[in-house]
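Below is one structure, written out as C-alpha cells; the observations come after it.
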Amino acid sequence: MRRALPVAVLMLGLAAGCGGSSSKGVAGTITIVVNAPFTGTPHVGKTIERGVRLAVQDATSGGTRPGISVDGKIYRLRVLRLDNALSPTRALANVRRAVAENAFAIIDEGTGVNASWRIAARAHVPIGITYQGGTGLVDPEERPNVFRIVPTDHGIAFRLAEYLVPKGLKVAILYDDTSYGQEGAK
C-alpha cells in the first residue's frame, strides 16, 4: 500500500481546476473516493482507506496546511468512503455517485471495474486499483482511465527471483482456477 501513496499524492498535485465551494481562502474541495469492500472484506477496505488518508496527510504536511496549493490557490482535500460490499452493482452505483460528487479520482479495490470504468472515463475520472488489477482489468488500450497503483506482476516476480535465485532453491508455481489464480499464472 505504501507504493500507492506517491501515485495518490501525484494525482492530488495534478488537481488544478477541480471544483467545490469557496470559503476563507480555500478555492474549492478536491474529492478522492475510496470505493472498497468495507463490509465484504473489511481488512482490504480499511487498508485502502488508510493509505489514501495517509497520502492526504502527507500532501498537507501532516495536516498543518488546510489543503494543497494549485496555481497559488488552496484546495481542501476530502476523502469519501463508499462501501461496495464486494458487489459489482454497488461498486457501479458508487462510481456513479463519485462522478455526481465531481470526484477527482477513485481509489478502488477492483470489484465492478469491468462495468464502472466507462462511467468514470466519460467524466474523465481516473480509477486507481490497489488490490485486484491484473491484465484483465488494467489495459491501456481498452480502459485508458484505469491504473494499477500497486507493484506490477513483473516487479513482484523479479523481486521474488532476486530473493530465491541466490538460495539455489527449486521453485514450483501453484495456482487455482479462480480469476486471481489465472492472473497469477500469467
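The values are calculated or read from the model by the stated rules, or taken from the named source; none is laboratory data. What you see is a predicted model, and the numbers here were worked out from it, not measured in a lab. Neighbour counts run over all protein chains shown; Cβ positions are idealised from the backbone, glycine included. Ligands, DNA and RNA are stripped out before the accessible areas are found, and what is left, the full protein with its side chains, is counted by its heavy atoms. Shrake-Rupley method; radii C 1.70, N 1.55, O 1.52, S 1.80 Å.
Among the residues of the range 102-115, which ones are modelled with pLDDT under 95 and either surrounded by fewer than 24 Cβ atoms within 10 Å (Cβ to Cβ) or in contact with a Leu (Cβ under 7 Å, 6 or more places away or on another chain) (or both)?
Correct list: Gly110, Thr111, Gly112, Val113, Asn114, Ala115.
Of everything in the range 67-77, what is within 18 Å of Ala103 (Cα to Cα) and surrounded by fewer than 15 Cβ atoms within 10 Å (Cβ to Cβ)? Give them in sequence order.
Keep residues of the range 67-77 that are within 18 Å of Ala103 (Cα to Cα), which gives 67-70, 74-77.
Residue satisfying the conditions is Ser69 alone.
Being among the hydrophobic types (A, V, I, L, M, F, W, C), modelled with pLDDT under 80 and under 18 Å from the mean Cα position of the chain (by Cα) is the requirement here; does Val150 meet it?
It is true that Val150 is among the hydrophobic types (A, V, I, L, M, F, W, C), modelled with pLDDT under 80 and under 18 Å from the mean Cα position of the chain (by Cα).
Any idea which residue in the range 121-143 is least open to solvent (accessible area, probe 1.4 Å), counting only those that are of a type in the set (A, V, I, L, M) and free of Cβ contacts under 8 Å to residues at least 24 places away in the same chain? Break it down stepwise before answering.
First pass over the range 121-143, keeping only residues of a type in the set (A, V, I, L, M): 121, 123, 125, 127, 129, 137-138.
Cutting the leftovers down to free of Cβ contacts under 8 Å to residues at least 24 places away in the same chain gives us 129, 138.
Numbers: Ile129: 0, Val138: 36 Å².
Only one residue tops the list, namely Ile129.
Looking at (1) buried (at least 16 other Cβ atoms within 10 Å of the Cβ); (2) part of a helix (DSSP H, G or I), which is the one condition that is false for Arg118?
Failed condition: (1).
Check Ala85, Ala120 and return the single one that is over 16 Å from Ile32 (Cα atoms) and aliphatic (A, V, I, L, M).
Sole residue among the options that is over 16 Å from Ile32 (Cα atoms) and aliphatic (A, V, I, L, M): Ala85.
Yes/no per residue for (1) open to solvent by less than 40 Å² (accessible area, probe 1.4 Å); (2) in a loop (DSSP other than H, G, I, E, B); (3) aromatic (Phe, Trp, Tyr); (4) touching a helix residue (DSSP H, G or I) at 6+ places or on another chain (Cβ under 6 Å):
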position	(1), (2), (3), (4)
Ala27	yes, no, no, no
Thr31	yes, no, no, no
Phe38	yes, yes, yes, yes
Gly45	yes, no, no, no
Arg50	no, no, no, no
Ala55	yes, no, no, yes
Arg65	no, yes, no, no
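Considering only the range 144-174, state which residues are among the charged types (D, E, K, R) and surrounded by fewer than 18 Cβ atoms within 10 Å (Cβ to Cβ).
Selection gives Asp153, Arg159, Glu162, Lys167, Lys170.
Residues being open to solvent by less than 30 Å² (accessible area, probe 1.4 Å) and assigned to a helix (DSSP H, G or I): count how many of those fall in the range 78-91.
Residues in the range 78-91 being open to solvent by less than 30 Å² (accessible area, probe 1.4 Å) and assigned to a helix (DSSP H, G or I): 1 in total.
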